[in-house]
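Below: the structure, in structure tokens.
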């Protein structure tokens, strides 16, 4: 299998609507709120295996909309716009009108929907300043939570019944509270659908490299429809490979010295990730 085929096959296997289906159980709520860049795809994936009574989608402008019937609000990204705040008001109305809710949360949700604790202009300007500052996403999200009525688990706190969250992560492994600034984490039954290792593990499985363990931080598997254009990585991505009872971190240059070929790509889609795929010469 050539590199392009590996790449496209990996994306197809990791599409949000494909991966989310395995995490849906029959007892999950039938009222659904989908937030973020993957909101449309995630909702369609759930609808394929689960009966939905009512649905709400908050998604950045320009991203794939759901085929499933839903109340859809497109907001700004990465900057908060008037549409983001309109989406926030509509979101609260939806949550308050339902009891048990299944939340589908993905990256990009911090900006496309917001309910500010202070005036909208102050929050929008602060968000723009933080984005331009060079702060880490964790630092930015921590500040966003202080000015938001829905981030940091505050949205989950409004749910009158059961709250379940399926997270399609675009941040470091385990940092579910940073995906869309954690509108329902803490406060709900949270399940991880995909994180920054998912795409690389899938690629490794396709090429038979079962001992490949990605070891970088930011990134995640993303929507197959928006990840067909590779971009140069901003920095070399390390790779950890198990070797018997030990493992070692190898840079692309070190892998070249070992007679292996490394393909690196900075791919852009619903979520930005670094991909390293190793094949033997």
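Just so you know, all these numbers are worked out from the coordinates, no wet-lab data involved. Every value quoted in this text rests on a predicted model; they were computed, and no experiment measured them. All Cβ positions, even for glycine, are placed from backbone atoms using ideal geometry, and neighbour counts span all protein chains on display.
Side notes on the structure shown:
- Cα point-scatterer Debye curve for the range 110-196, base-10 log of I(q)/I(0) at q = 0.14 Å⁻¹: -0.48
- As a length-normalised measure over Cα pairs under 8 Å and 6 or more apart, the relative contact order of the range 118-194 settles at 31 percent.
- Alpha-carbon centroid distance for the pair the range 47-101 / the range 116-135, whole angstrom: 22
- A simple packing score, the average count of other Cβ atoms within 10 Å per residue, orders the peptides 33-41, 70-78, 1-9 as 33-41, 70-78, 1-9, with the highest score first.
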